[in-house]
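Coordinate-derived values only; no laboratory data. None of the values given here were measured: they were computed from a predicted structure. Note: ideal-geometry Cβ built from the backbone for every residue, glycine included; neighbour counts use all protein chains shown.
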Amino acid sequence: MSPDAWRKEGVDRLKSRIWRPAWLRKGPCFLAIAVGRIGSGFFTPTRNRSLPGRHITDCQMRLYMSFRQAETPTVAAAKAGFSIATAYRVEQDRWPPSHKKAPRGRRRRDPLAAVWDSEVVPLLKSAPGPRPVAIFDEIRRRHPEIGVGIRRTLERRIRIGRALNGAERDVIFRQEHSPGRLGLSDFTDMGDHGISIAGVPINHRLYHFRLAFSGWEHAHVVLGGESFVALAEGLQNALWALGRAPFAASQ
């Protein structure tokens with residue numbers, strides 16, 4: 001058999017092994033597949049393989065700085081998932097990426113620039129109550145050339161404007177107390193009330209306990225300062241008089 005025939009037969013055998021079903025393939029065929037892909041980048045070294053062109057994150061930055069305490073920049077960059085060039089840039093400037101971003105400016109013309117200050121703001125000042133969709137319909141009636149696509153932009157601009165420049169609103173933190181949930185206690189100085197016994201002024205305090213829901217109260221006279229002993233004694237007497245304890249007590 002000629003050399004060309006031997007070569008052709010070898011190629012045919014290799015093709016038949018490569019294109020067999022997976023359950024029929026045996027040891028040598030996998031080696032042949034791997035050997036055939038050596039030149040196509042299958043075994044390309046990691047140092048020469050290009051990484052995806054994505055910006056690094058704060059998490060990657062923290063990982064790199066953590067690995068950098070015990071590893072070289074090359075190893076720390078590989079573990080953090082970015083290139084060596086980025087690692088050397090990080091070595092020069094170690095601020096997180098989120099602290100380097102410049103505020104993004106407007107990328108297109110403001111569609112409300114011609115009507116916002118001259119028409120929308122006066123409408124909001126004259127009648128703060130109308131809904132944004134009513135103002136949008138009025139602006140569209142006055143300026144038919146304005147497209148319907150600016151409705152969301154107008155609604156968002158009106159919402160922000162009312163939040164920043166609108167009328168002040170009362171802020172209320174409602175407190176709803178459930179039965180048996182909360183008890184309150186405090187000390188009250190009674191020196192300014194002029195209480196005396198047999199003509200002798202008595203310097204004392206009252207330990208005051210109260211249930212938040214029902215308003216049940218108990219007072220205990222304390223001859224001294226606001227000590228832990230006075231607190232424990234007053235609270236104990238109040239709970240004995242109540243017959244039970246609330247879920248939480250606050251002083």
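Table: residues versus (1) under 30 Å from Leu112 (Cα atoms); (2) loosely packed, with under 11 Cβ neighbours inside 10 Å.
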residue	(1), (2)
Pro132	yes, no
Arg151	yes, no
Glu168	yes, yes
Ile172	no, yes
Asp189	no, no
Phe209	no, no
Val222	no, no
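The strands (runs of 3 or more DSSP E) falling completely within region 144-251 that include 2 or more residues that are under 41 Å from the mean Cα position of the chain (by Cα) map to 182-189, 205-211, 248-250. Checking each residue in region 134-149 for being loosely packed, with under 10 Cβ neighbours inside 10 Å and of a type in the set (A, V, I, L, M) picks out only Val148.
Residues in region 196-212 that are farther than 13 Å from Gly234 by Cα and in contact with a strand residue (DSSP E or B) (Cβ under 7 Å, 6 or more places away or on another chain): Ile202, His204, Leu211, Ala212. Residues that are in contact with a helix residue (DSSP H, G or I) (Cβ under 9 Å, 6 or more places away or on another chain) and assigned to a loop (DSSP other than H, G, I, E, B) were ranked within region 101-126; the one that is surrounded by the fewest Cβ atoms within 10 Å (Cβ to Cβ) is Asp110.
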